[in-house]
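Reviewing the structure listed below.
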Amino acid sequence: MNVITQNELSPFLQRFESRKAAISRQVEQVVADILSQIRLRGDNALAEFSQRYDHVDLSRIPLLVPEEKLHQAHSHLDPNLLDVLRQAATNIRDFHSKMQPQSWLSWESDGVVLGQRVTALDRVGVYVPGGRAAYPSSFLMGVIPAQVAGVSEIIVATPCDSQGEMNATILAAAYELGISRVFRMGGAQAIAAMAFGTQTVPRVDKIVGPGNIYVAIAKKMLYGQCGIDMVAGPSEVLIIADQSASAEFVAADLLAQAEHDPLASAILLTDSSDLVHQVVRQIDLQKKMLPRIEIIQQSLDNYGAIICCDSLEQCAMISDRLAPEHLGLHVEKPWEMLGLIKNAGAIFLGHYSPEAVGDYWAGPNHVL
């Protein structure tokens, strides 16, 4: 981990904040060509790009996963894992039920009636990553809010391997939630297929779900053709910690994001010099036990940092400037610290609120 002092802070923040724009410029031209070809040639272009990027031959493997394949995956899933999926689904459904916008009417003077009518979309496409790793949790967190909203039809796109095989837990989750249309497609070409529609893939009103930089840029360029949830950047976590923090817990939360992608960022802000050295040691110990150590090391080398601050107030100011996707408050008084924070996606309060629990099971949405 890079340890950043006050003198080095400004250059680091400038480099960190410019990383998304630099990465975007490198892939926009590639994505623009993919979108154009999918729009013009539909399934034929989708098959070509699937062959090129995913090494899968869609002429011999059906694009749409047969429903019996979903049922088979569900029937063979470990019962303990199925129980976890069901509990996570219940938690996610309960949480999102509380977030629904409401229709309303207001009767003003002189007979004027104003109001808001909220209706569900007809069809939504959920993208579920499956490249470097597969995320059944992303399936749940894309599909369940659409079901809660009352969306009439939900389709899912997720990559397969060169043999057409897919993550069995994702397929089992589809059967569990009653999703019958799962397509073997990934990357920018999958986003384009759902946005424009092809001979096989229906056009959707909105696309949701996380993905790599090609997926993010495709969603950005297609906004207006259909709705999107947001333009997400690389995964990121920022931890604010004081002297009461457990170095072991802080390191675990940092590594939980660093393992996502070489472009992911993991940053610690602290006013405790003792904690700095303890966290560095814990990261070295823990990362050796993790299977994705190469990705972790790239992430930490490029976008990881421990920033030494003068106070928790300064930590909060820097955090608000960076506006992290995930923010962990490993401090003695997290509720007081929360009052200093304005800009963050998901906030985890205290030493015993691990990011992984929020991301996978508690109910809030890691798609944000």
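The values are calculated or read from the model by the stated rules, or taken from the named source; none is laboratory data. Please read these numbers as outputs of a predicted model, since none were measured by experiment. Cβ: placed from backbone, ideal geometry, glycine included. Neighbour counts: every protein chain shown. Ligands, DNA and RNA are excluded from the accessible area calculation, which covers all protein heavy atoms including side chains. Shrake-Rupley method; radii C 1.70, N 1.55, O 1.52, S 1.80 Å.
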### Query
How large, in percent, is the carbon and sulfur part of the accessible surface of region 1-110 at a probe radius of 1.4 Å?
50
### Message
Could you work out the relative contact order of the chain? I mean the mean sequence separation of Cα pairs under 8 Å and 6+ apart, divided by the number of residues, in percent.
### Response
19
#### Entry: Inter-site label distance for D33 and S244 at 7 Å from Cα along Cβ, in nm
5.6
### Message
Can you give me the distance in nm between label points at E165 and E153, each placed 7 Å from the Cα along the Cα-to-Cβ direction?
### Response
3.2
### Query
Over all distinct Cα pairs, what is the inverse of the mean 1/r for the chain, reported as the Kirkwood hydrodynamic radius in Å?
22.0
### Task
Return the lysines within reach of K206: Cα separation strictly under 17 angstrom, same-chain partners fewer than 8 residues apart disregarded; answer none if there are no such residues.
K219, K220
### Task
Among T119, T200, T90, determine the one that fluctuates most according to a GNM of the chain built with springs between C-alpha atoms less than 10 Å apart.
T119
### Message
Among I341, I267, I34, which one shows the highest mean-square fluctuation when the chain is modelled as a Gaussian network with alpha-carbon springs under 10 Å?
### Response
I341
### Message
For a protection proxy built on the mean count of beta-carbon atoms within 10 angstrom, sort 191-199, 146-154 highest first, please.
### Response
191-199, 146-154
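Hey, what's region 2-134 come to in accessible area per residue, 1.4 Å probe, Å²?
Details: 8520 Å² over 133 residues.
On a per-residue basis, region 2-134 sits at 64 Å².
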